[in-house]
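K.L.:
Pasting a structure here, questions to come.
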Number of protein chains: 2
Amino acid sequence: MSAVKPLLLNLFEMNCVSHITHGLWRLPGNRRHTFEDVEYWTTLARTAEEAGFDAVFLADVVGAYDVFRGGPETALREGLQIPSNDPLLVVPAMAVVTEHLGFGVTFSTSYEPPFAFARRMSTLDHLTRGRVGWNVVTSYLPNAARNFGLADEIEHDHRYAIADEFMEVVYKLWEGSWDDDAVVADRDRGVYTDPTRVRYVHHTGEHFRVAGPHLTSPSPQRTPLVVQATASRAGIEFAGRHAELVFTGGPDEASVRRTIAAVREAAVRHGRQAEDVKFVVQASVVTGRTAAEVAAKVAEHERFDSLDGRLAHASLPFDPTAHPRDRTVGEALAAEGRLDDPATRGFPLEQRIADFLDATGRFARTFSVAGEPHVVVAEIERWLDDVGIDGINLTQHHSYGTLEDFGEFVVPRLRERGRRPEGYVKGQTMRERFGGAGPHLPPDHPGRRFAGGRGLRGRT
Amino acid sequence: MSAVKPLLLNLFEMNCVSHITHGLWRLPGNRRHTFEDVEYWTTLARTAEEAGFDAVFLADVVGAYDVFRGGPETALREGLQIPSNDPLLVVPAMAVVTEHLGFGVTFSTSYEPPFAFARRMSTLDHLTRGRVGWNVVTSYLPNAARNFGLADEIEHDHRYAIADEFMEVVYKLWEGSWDDDAVVADRDRGVYTDPTRVRYVHHTGEHFRVAGPHLTSPSPQRTPLVVQATASRAGIEFAGRHAELVFTGGPDEASVRRTIAAVREAAVRHGRQAEDVKFVVQASVVTGRTAAEVAAKVAEHERFDSLDGRLAHASLPFDPTAHPRDRTVGEALAAEGRLDDPATRGFPLEQRIADFLDATGRFARTFSVAGEPHVVVAEIERWLDDVGIDGINLTQHHSYGTLEDFGEFVVPRLRERGRRPEGYVKGQTMRERFGGAGPHLPPDHPGRRFAGGRGLRGRT
């Protein structure tokens, strides 16, 4: 054990042009517009592994942002998460050119069948030798629901009920359907798999019916590292039950502390250990050789920052840019006759439009630091030691500049201070990388209750 | 144009141990048991590209073969398509290490939502720069249906009705949702996509409701090369409407000729050109330096051939191995009281069990040749010129031996005879490789009726 708390270090990504730093795809030298090419991903992965990152995490959505201004036009113009490509399919390409880097992918439990997804994740876990994690989301875009046969979003708490059953199905497939020693590959006896060690799962629930057996043999981790991002009450309960790594955030440090405490409490309530859940916040870091270099980068980011991108990303149900900047939000809503509109409930009616615009959708509001390397490291250490996080998801302003800067200026100093390991542990799985004692779910995790076929309905 | 008809050359694969040559995973030096590793696929792809193959085609199933002997035990023991991993996910890994090789993947229209699949294929088409094809299947295993919430298989013709609507949805997304010039990536104006050139698809049909817009920008081919394997009446009609490449076969050459003629007729009936459909048969080829070397390989294949594997693959609804070999099939069924069982209808009642066993599920029954290279080439030429096929899917007995033998012994002779090109055409898409005039569907293909947004319900 190191004397100081180490930092978990992820690169935050999405298979699109403009993920969260809207407008910045236009920065000179930014390669984001090449995200459709396989070379974008192999270069990214090699660079992240050279810089010693733990993992690349890919966000995802399965619909267009078409609430703001009543259509997808702003999102399209901004490249705001559309076009966006499938996140799972870039992982095998990155796996070919790396040996240690982990890969987190986002997949929603709301629209696609668990059987096929379970097989895809097992395939990835095999291909990467246990280097994958799954960021469980339930989706939130109305357009996403309409891409999958529904008239509108599924109501929030109901999405989590579906997600809970989805988890039960995939745990049964990943943990219960095949025993560890099922594959014997005995050439002499002509037995590839011992059939007595494989079983149907026969899941019959409110939302899913799945027979099994799982099509894939046990992969290095079986269940990939379970990751979740949330702050809602249903989300915290879900994270307490399932998550091993939580992406958190909030308007201020106090709210991050509250979420961490609430998830840990929920974990204990579900029979798990409080420290079995790690917490990572999205971090905006701008650094460089000198204070002047940093200031120049910040100024350039400010210059390219897109207000429209941020407003569309926030799915704002009214258009504040259509009003004079010195009006208040309340006056603007009144002028549109929408003061009583449920969609505008909770807006800061007293705030001036100018201030409202400035605050809306600013990326990485909570953890944001611009400075020379020692300033960045001090801020990271404060968050680790005072706020209580375990790691960061580094927001990319520039690809690959943000990553290269962090690797060149920040990682060496973090290593000096014992916050980052000198290199990788060979053969380590994603779960072990993020604090797990072994490649598999810990014994008190709810996924493990199906191990060895316990709790399954058996053969017929 | 070459004076002789060229051969289309595919390697037939599946992401599993035992695809169609059952028992042969045990052959000395066979690497099939390493299919779960990414290196299996990168080596395969490099070897296939070095040998000048057009494409690797991956079969797929989404359930276990559990009809024979009333359970999945035989399939598990044999490694018969279980464990089996997702086929799409190995394509990006192979794309990283190749420049020209095409990739065909199998996906069923019966169980998963078209919106997500359309995005996955567009992602692959981008990552491979237009080197992908889609083998459209409707699935046939009862266990597959039970993995996706159904009690049993969807009835055959109804599966094709669903498939037709599935095609309509993906054509709308691939061909109609984005114009060619939608992505402008204009850094100065801050416009990534021109929103006037992207539209919702608003599909509302009997089986699917999909709003769109497609999440992915137009990929090199838009619609990947459409491939289909069938011989049923509904299948032939479907192929005539949609397929650009057909995998065909049958008990004899006459039946192959009939299928080719029937699909071409169906194509013309649907307003397409007869020659717009190419035909490929599964081919079993054993070759080597000398006749003795070939004979030794054939003998080794015979020795490892698994009867149980073939019977389970055929989903045989009774177990002929439980009967004396000199009984007839009819006597065996009578002994089981199953002469009137609908599942055993059509069996050759007069045939001796010994002969029945010998015939059942023999791989590549139609096109099967063992001999020195000139013998193999003569047989290929006969099939091209007399039977009227356009190419073969090479069945692997040994990985990578079958591929290496074909590359070393057969390809050079095919080149000498003008049946194979000397090298690859740089930047060629899968569609062009298989005879298309350009990267996109031809104008008379039904997928093209949505080009430019024609036939879509438009913005709202």
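The values are calculated or read from the model by the stated rules, or taken from the named source; none is laboratory data. Computed from a predicted structure; not experimentally measured. Cβ placement follows ideal geometry from the backbone for every residue including glycine, while neighbour counts extend to all protein chains displayed. Accessible surface is based on the protein model in full, side chains and every heavy atom, while ligands, DNA and RNA are left aside. Shrake-Rupley method; radii C 1.70, N 1.55, O 1.52, S 1.80 Å.
K.L.:
When region B:129-186 is examined, which residues are found to be farther than 29 Å from residue B:13 by Cβ and of a type in the set (Phe, Trp, Tyr)?
P.N.:
B:178
K.L.:
Of all residues in region A:358-375 being under 22 Å from the mean Cα position of the chain (by Cα) and of a type outside the set (Gly, Ala, Ser), which is most open to solvent (accessible area, probe 1.4 Å)?
P.N.:
Ranking the qualifying residues of region A:358-375, first place goes to A:365.
K.L.:
Now for a separate question. Across region B:295-306, which residue is surrounded by the fewest Cβ atoms within 10 Å (Cβ to Cβ) among those that are within 14 Å of chain A (Cβ to nearest Cβ) and out of contact with any Gly (no Cβ under 6 Å at 6 or more places or on another chain)?
P.N.:
That would be B:303.
K.L.:
Checking residue B:309 against (1) crowded, with 20+ Cβ neighbours inside 10 Å; (2) among the small types (Gly, Ala, Ser); (3) not in a helix (DSSP H, G or I), which single condition isn't satisfied?
P.N.:
In the conditions (1) crowded, with 20+ Cβ neighbours inside 10 Å; (2) among the small types (Gly, Ala, Ser); (3) not in a helix (DSSP H, G or I), residue B:309 misses (3) alone.
K.L.:
From the list A:300, A:379, A:293, which residue is in contact (Cβ under 8 Å) with a residue 24 or more places away in the chain, under 22 Å from residue A:396 (Cβ atoms) and among the acidic types (Asp, Glu)?
P.N.:
That would be A:300, the only listed residue that is in contact (Cβ under 8 Å) with a residue 24 or more places away in the chain, under 22 Å from residue A:396 (Cβ atoms) and among the acidic types (Asp, Glu).
K.L.:
Of all the residues that make up region B:103-121, how many are assigned to a helix (DSSP H, G or I) and either open to solvent by 10 Å² or more (accessible area, probe 1.4 Å) or at the interface with chain A (Cβ under 7 Å from one of its Cβ atoms) (or both)?
P.N.:
So the answer is 4.
K.L.:
What residue, of B:355, B:326, is in a loop (DSSP other than H, G, I, E, B), open to solvent by 30 Å² or more (accessible area, probe 1.4 Å) and not assigned by TED's automatic domain parsing to the domain that holds residue B:225? Spell out the reasoning first.
P.N.:
On the way: B:355 fails: in a loop (DSSP other than H, G, I, E, B).
Residue meeting the stated conditions: B:326.
K.L.:
Consider only pairs whose beta carbons are under 9 Å apart and that are at least six residues apart or on different chains; among these, list those whose first residue lies in region B:447-458 and is in a helix (DSSP H, G or I) and whose second residue is at pLDDT below 95 and surrounded by 14 or more Cβ atoms within 10 Å (Cβ to Cβ).
P.N.:
Note: pairs meeting the criteria are B:449/B:455; B:450/B:456.
K.L.:
Just to be sure, is residue B:258 touching an Asp or Glu at 6+ places or on another chain (Cβ under 9 Å) and open to solvent by 10 Å² or more (accessible area, probe 1.4 Å)?
P.N.:
No, not satisfied.
K.L.:
Within region B:250-272, does at least one residue satisfy the condition of being in the same structural domain as residue B:125 (by TED's automatic domain parsing), within 24 Å of residue B:176 (Cα to Cα) and among the polar types (S, T, N, Q)?
P.N.:
Taking every residue of region B:250-272 in turn, none turns out to be in the same structural domain as residue B:125 (by TED's automatic domain parsing), within 24 Å of residue B:176 (Cα to Cα) and among the polar types (S, T, N, Q).
K.L.:
Right, next: Given the conditions (1) under 28 Å from residue B:257 (Cβ atoms); (2) in a helix (DSSP H, G or I), which single one is not true for residue B:418?
P.N.:
(2)
K.L.:
Consider residue B:437 carefully, then state whether it is in a helix (DSSP H, G or I) and surrounded by fewer than 20 Cβ atoms within 10 Å (Cβ to Cβ).
P.N.:
Values: in a helix (DSSP H, G or I): no; surrounded by fewer than 20 Cβ atoms within 10 Å (Cβ to Cβ): yes.
Considered against the rule, which asks whether it is in a helix (DSSP H, G or I) and surrounded by fewer than 20 Cβ atoms within 10 Å (Cβ to Cβ), residue B:437 comes out as no.
K.L.:
Condition first: under 22 Å from residue B:36 (Cβ atoms), touching an Asp or Glu at 6+ places or on another chain (Cβ under 8 Å) and touching a residue at least 12 places away in the same chain (Cβ under 8 Å). Now tell me which residues in region A:195-215 satisfy that.
P.N.:
Matches in region A:195-215: A:197, A:198.
K.L.:
Determine which member of the set B:285, B:268, B:277 is within 21 Å of the chain's Cα centre (by Cα) and closer than 22 Å to residue B:447 by Cα. Show your work before the answer.
P.N.:
Working: B:285 fails: closer than 22 Å to residue B:447 by Cα; B:268 fails: within 21 Å of the chain's Cα centre (by Cα).
On inspection, the qualifying residue turns out to be B:277.
Per-residue answers, yes or no, for (1) in the same structural domain as residue B:16 (by TED's automatic domain parsing); (2) surrounded by fewer than 20 Cβ atoms within 10 Å (Cβ to Cβ); (3) closer than 21 Å to residue B:52 by Cα; (4) β-branched (Val, Ile, Thr):
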site: B:377; (1), (2), (3), (4): yes, no, yes, yes
site: B:390; (1), (2), (3), (4): yes, no, yes, no
site: B:404; (1), (2), (3), (4): yes, yes, yes, no
site: B:414; (1), (2), (3), (4): yes, no, yes, no
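K.L.:
Here's a follow-up. Consider residue B:226 carefully, then state whether it is over 27 Å from the mean Cα position of the chain (by Cα), at pLDDT 95 or above and either more than 14 Å from every other protein chain (Cβ to nearest Cβ) or crowded, with 24+ Cβ neighbours inside 10 Å (or both).
P.N.:
In short, no.
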